[in-house]
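J.: Take this structure, written in structure tokens, and hold onto it; I'll ask about it next.
Read the figures in this text as sums done on the coordinates, not as results from a lab. Just so you know, these numbers come straight off a predicted model, no measurement behind them. Note: ideal-geometry Cβ built from the backbone for every residue, glycine included; neighbour counts use all protein chains shown.
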Amino acid sequence: MTRVVVVTGATSGIGRAAALAFAARGDHLVLAARAPQTLAEVRAECAAAVAAAGAVTVETVPTDVTDPGAVDALARTALARFGRIDVWVHTAAVMAYGRFDELPAEVFDQVVRTDLLGAAAVARTALRRFRAAGGGTLVFTGSVLGHVTAPYMSGYVTSKWGLRGLVRVLQQECRDTPGVHVCLVSPGSVDTPVYQQAANYLGRIGRPPPPVTTPERVARAIVASVDRPRRETPVGKANLVLRFGFTVLPGLYDVLVGPLVRAAGLSRRPVAPHAGVVFAPDPTGEALRGGWRPDPVRAVRAPIRAGRALLRRLGTDGRRSHRLG
Ligand SMILES: NC(=O)c1ccc[n+]([C@@H]2O[C@H](COP(=O)([O-])OP(=O)(O)OC[C@H]3O[C@@H](n4cnc5c(N)ncnc54)[C@H](OP(=O)(O)O)[C@@H]3O)[C@@H](O)[C@H]2O)c1
């Protein structure tokens, strides 16, 4: 059955991968984020992805989930166009690096406004419509940082813990309407631009600590949650280990987590303090992937190329020494 799927946060990373995955399955799409030009790009990518899937309509609605009334207006546009909403996938989020007391208060507040209150606004709008229609599936992207904590990401961690609590409450409240499902997909590190796009008051650019999975893999988990709704789907090899250490060995976890974040979660590249995309989008930084995973083709080609260059050099040197002799 062709579904009508709303994706908030569709211009980058996991949301963009999810939009492409739903398009490839032949679902109608309503794509939302703040940057209109990137929405147009993603719409074109979806149209290309659906070439095989048949006639699919992709609508784009520039939306800032922190604007009062914007999420309701998005739902109204979707209903006016398609008459129903079957699925709502919410991936919109921003990040900010910095020690809590050094982070500007307005940056912390806007991260929570986007990542937690934006999600609440989506939940309110989507669930009112789903209840009225007697069915629908709402998928949120949480994080392993909704189960454990890490320094220098206070706004994000606060939001993801809050989101997990909210999702659990919604799951309990929706038990009276069996057709309505609320799901949480909780990835570990994912190769998306969110790290470069983050606000930074720490002096070093953030990066995803390994192991790093792909946004496409998280998108597959999102699609699977829609097909077979479940409370929570973790994605990522390190999640269980982190959660175990955080819960069972909290003292040791707290000793290790700071040095680990500084070693594996921050690059060496220095950066001046800036607010990233917390208050406004930067379309130049939006993409499907963030470039954090080694390119396997390049990894194989690089030593071959280096070997060839060495041989060429040896050959040239050999001929030169022969001529000289
Ligand atoms: N990447 C990871 O390692 C990772 C790990 C665990 C969980 N997650 C979660 O996965 C989700 C997607 O993250 P990602 O890594 O794919 O991030 P991303 O590549 O930075 O994409 C974030 C998306 O959110 C949109 N957005 C930001 N602020 C918005 C606002 N106020 N209103 C509407 N849209 C807004 C962005 O578009 P505009 O800027 O154009 O609005 C963009 O489309 C997030 O919930 C994140 O917390 C990511």
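J.: Only bridges with both residues in the chain count here: give the DSSP antiparallel percent, nearest 5.
T.: 10
J.: Against the longest principal axis of the chain, how steep is helix 239-248, in degrees 0 to 90 to the nearest 10, with axes from Cα atoms?
T.: Taking the Cα atoms of the chain, the angle to 239-248 is about 80 degrees.
J.: In a Gaussian network model over the chain where Cα atoms closer than 10 Å are linked, find which of PRO270, PRO281, PRO234 has the largest mean-square fluctuation.
T.: PRO270
J.: Against the longest alpha carbon principal axis of the chain, how many degrees, from 0 to 90 and to the nearest 10, is the axis of helix 154-173 turned?
T.: That helix lies at roughly 40 degrees to the long axis.
J.: Build a GNM of the chain with springs between Cα atoms under 10 Å: which of THR137, THR247, THR158 gets the top mean-square fluctuation?
T.: Most flexible of the set in this elastic network: THR247.
J.: Only Cα pairs under 8 Å and at least 6 apart count here; give the relative contact order of the chain as a rounded whole percent.
T.: 20
J.: Highest GNM mean-square fluctuation, the chain, Cα pairs closer than 10 Å: which of GLY83, GLY118, GLY276?
T.: Among GLY83, GLY118, GLY276, the largest GNM mean-square fluctuation belongs to GLY83.
J.: Please give the FRET efficiency for GLU41 paired with LEU249, using the beta carbon to beta carbon distance and R0 = 45 Å, rounded to the nearest 0.05.
T.: Rounded to the nearest 0.05, the efficiency is 0.50.
J.: Treating the angle as unsigned and between 0 and 90°, give the value, to the nearest 10°, between the Cα long axis of helix 70-82 and the longest Cα principal axis of the chain.
T.: The two axes meet at around 80 degrees.
J.: Could you list which residues have their amide H under 5 Å from that of VAL182, counting only those 5 or more apart in sequence or on another chain, with H placed in the peptide plane?
T.: The answer is LEU138.
J.: For the range 4-293, what mean projected area does the convex hull of the alpha carbons give, in nm²?
T.: Directional mean of the projected Cα hull area for the range 4-293 stands at 14.4 nm².
J.: Right, another one. Going 7 Å from the Cα of ALA73 along its beta-carbon direction, which residues of the range 16-36 have the amide nitrogen within less than 13 Å of the resulting point?
T.: 33-34
J.: Within the range 67-131, list the trypsin sites (Lys or Arg not before Pro) lying in a DSSP loop whose Cβ has at most 16 other Cβ atoms in a 10 Å radius.
T.: ARG84, ARG99
J.: Another one. Tell me the net charge near ASP27. Cut-off is 13 Å between Cβ atoms, ASP27 excluded, with +1 for each Lys or Arg and -1 for each Asp or Glu.
T.: Value of the local net charge: 0.
J.: Quick check: the distance between the Cα centres of the range 269-294 and the range 170-226, to the nearest angstrom?
T.: Computed from Cα coordinates, the inter-centre distance equals 17 Å.
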